[in-house]
């Protein structure tokens, strides 16, 4: 019989698990639920909900936790992932540099949905492929690994990932500060190489934020110019087609950091669907007007 802890970590875990979470947390939960000993997983779930995890710390590349079990003293739990080598990170950073969207989303605290494509360049993964890749130790007498104490920490890690997706990078060997610093350095290097290839080395000396040296396009200052094109068009060269499925502006934006209200779980998906419907309606209207103008 386990001892009821005086005050464990508060958690949002419910009977349905971590609900309404970003996709990277859902993927972590799917990894946990792949564990074949379901009864042990249910006990771990109860441990996580009832506050048996008394502390959890992310120190460097390891997770240290204390879980109250049958003994008076909490059991010590350690978790870690295999760290990527510097050469692997070089491939990852080069791939991340190729897509500005990836860098922008990471800077906004959002995990890009296709982030594994960047890690595939090194032949590695950010997320563990199977639960056995999550290394773990527990001071309890249970010989099984993961035991219910380790599994309880798994669930709390999911909550931590929800708050800060950079923890996953940290467990793979790159802290948030180091990752963003390296991204900036690789980005500058890519700009320098591009400038040299174009025979425009002087572009490096221009401050992109200076409107005097690099004035913005007139349409930036006057949005009414967005839909104007005064030059002539050859009708035989103009082809009007609808956007491909999954190629809308909303899709390109990726996961939007919208606030959520637990009392109205359908609010976010309904809002996003409304945006999609509006976008489709506007696209259809634009096509009709464009085709009518061409006749």
**Prompt:** Does region 158-169 hold any residues that are part of a helix (DSSP H, G or I) and out of contact with any helix residue (DSSP H, G or I) (no Cβ under 7 Å at 6 or more places or on another chain), and which are they?
**Reply:** 159, 163
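Working carefully through the options 82, 71, 86, find the one that is under 21 Å from residue 132 (Cα atoms) and in the same structural domain as residue 134 (by TED's automatic domain parsing).
Numbers: 71 fails: under 21 Å from residue 132 (Cα atoms); 86 fails: under 21 Å from residue 132 (Cα atoms).
Going through 82, 71, 86 in turn, the sole match is 82.
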**Asked** How many residues does region 241-288 contain that are modelled with pLDDT under 70, more than 26 Å from residue 100 (Cα to Cα) and surrounded by 12 or more Cβ atoms within 10 Å (Cβ to Cβ)?
**Response** 1
**Prompt:** Take the residues of region 29-38 that are assigned to a helix (DSSP H, G or I) and in contact (Cβ under 8 Å) with a residue 60 or more places away in the chain: which is nearest to residue 127 (Cα to Cα)?
**Reply:** 31
**Prompt:** Which one of the conditions (1) surrounded by fewer than 18 Cβ atoms within 10 Å (Cβ to Cβ); (2) touching a helix residue (DSSP H, G or I) at 6+ places or on another chain (Cβ under 9 Å); (3) more than 15 Å from residue 158 (Cα to Cα) does residue 34 fail to meet, given that it meets all the rest?
**Reply:** (3)
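Could you list, in sequence order, all residues of region 125-141 that are in a loop (DSSP other than H, G, I, E, B) and either in contact with a helix residue (DSSP H, G or I) (Cβ under 7 Å, 6 or more places away or on another chain) or not assigned by TED's automatic domain parsing to the domain that holds residue 72 (or both)?
First, pick out the residues of region 125-141 that are in a loop (DSSP other than H, G, I, E, B): 125-130, 134, 139-141.
Across region 125-141, the qualifying residues are 125, 126, 127, 128, 140.
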**Message:** Checking the condition farther than 18 Å from residue 146 by Cβ and not in a loop (DSSP other than H, G, I, E, B), which residue from 96, 41, 79 passes?
**Reply:** 96
**Request:** Please specify each residue of region 52-67 satisfying the condition of being in a loop (DSSP other than H, G, I, E, B) and surrounded by fewer than 17 Cβ atoms within 10 Å (Cβ to Cβ).
**Result:** 60, 61
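Just the residues that are surrounded by 16 or more Cβ atoms within 10 Å (Cβ to Cβ) and either in a loop (DSSP other than H, G, I, E, B) or on the phi > 0 side of the Ramachandran plot (or both), please, taken from region 99-124. Full working, then the answer.
Initial filter on region 99-124 (surrounded by 16 or more Cβ atoms within 10 Å (Cβ to Cβ)): 102-103, 105-106, 110-112, 115, 118-119, 121-122, 124.
Selection gives 110, 111, 112, 115, 121, 122, 124.
The values are calculated or read from the model by the stated rules, or taken from the named source; none is laboratory data. This one's a predicted model, so the numbers in the text were calculated from it and none came from an experiment. When we count neighbours, we look across all protein chains shown, and the Cβ atoms used for this are built from the backbone with ideal geometry, even at glycine.
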